[in-house]
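Heads up: the structure comes next, in structure tokens.
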Amino acid sequence: MRFINLENNARSRLHQSIIKEANIKQIFDLVFENEGISRIEISRITNLSRSTVSLLMEELMDAGLIRMTGERASGSSGRKPIGLEINGDRAQIITLSLGKDSYAYILYDIRGRELEKFSRRIVYKK
């Protein structure tokens, strides 16, 4: 009879999950910093296999965080690379600033571009 060491199995799954999250973050950051980058370029830069990049990219696209921009010109024959970009419409970031006599709010898209800004002084009545 063979027994499975559950502690080692759980540790292994946790380790794999941490590596996966780090790879997803690295891919997201590359697309953020290099609009129009292709999967093959991501694979070359990260040293991840093409299939790993495609699998992780599908997760980012399913979440709506990254979208395809269309075919790009290539110096080689064969399939044209497809550019990728951050989907700025997917998520927003709210910032609030509270001061002694004022408050402000700024709304950014996920690319860091300002969408709205509002500030107001606080008037205290005595």
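The values are calculated or read from the model by the stated rules, or taken from the named source; none is laboratory data. Just so you know, these numbers come straight off a predicted model, no measurement behind them. When we count neighbours, we look across all protein chains shown, and the Cβ atoms used for this are built from the backbone with ideal geometry, even at glycine.
Scanning segment 27-41 for residues that are in contact (Cβ under 8 Å) with a residue 24 or more places away in the chain, of a type in the set (A, V, I, L, M, F, W, C) and either under 18 Å from N87 (Cα atoms) or not in a helix (DSSP H, G or I) (or both) yields I27, F28, V31, F32, I37. Against the criterion of being under 26 Å from I19 (Cα atoms) and surrounded by fewer than 14 Cβ atoms within 10 Å (Cβ to Cβ), N87 does not qualify.
A quick yes/no check of all residues on (1) loosely packed, with under 13 Cβ neighbours inside 10 Å; (2) over 30 Å from S119 (Cβ atoms); (3) in contact with a His (Cβ under 9 Å, 6 or more places away or on another chain):
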{"position": "I24", "(1), (2), (3)": "no, yes, no"}
{"position": "D29", "(1), (2), (3)": "yes, yes, no"}
{"position": "E35", "(1), (2), (3)": "yes, yes, no"}
{"position": "I40", "(1), (2), (3)": "no, yes, no"}
{"position": "T46", "(1), (2), (3)": "no, yes, no"}
{"position": "M57", "(1), (2), (3)": "no, yes, no"}
{"position": "L65", "(1), (2), (3)": "no, no, no"}
{"position": "I82", "(1), (2), (3)": "no, yes, no"}
{"position": "Q92", "(1), (2), (3)": "yes, no, no"}
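Restricting segment 94-114 to residues that are within 29 Å of R39 (Cβ to Cβ) and in contact with a Phe, Trp or Tyr (Cβ under 9 Å, 6 or more places away or on another chain), which is surrounded by the fewest Cβ atoms within 10 Å (Cβ to Cβ)? Looking at the filtered set, the residue picked out is G112.
Applying the criterion of at least 3 residues that are closer than 15 Å to I27 by Cα to the strands (runs of 3 or more DSSP E) found wholly in segment 42-126 leaves 66-71, 82-86.
Table: residues versus (1) closer than 29 Å to G64 by Cα; (2) at pLDDT below 85; (3) assigned by TED's automatic domain parsing to the domain that holds R39.
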{"residue": "R79", "(1), (2), (3)": "yes, yes, yes"}
{"residue": "I82", "(1), (2), (3)": "yes, no, yes"}
{"residue": "G99", "(1), (2), (3)": "no, no, no"}
{"residue": "Y105", "(1), (2), (3)": "yes, no, no"}
{"residue": "D109", "(1), (2), (3)": "yes, no, no"}
{"residue": "E114", "(1), (2), (3)": "yes, no, no"}
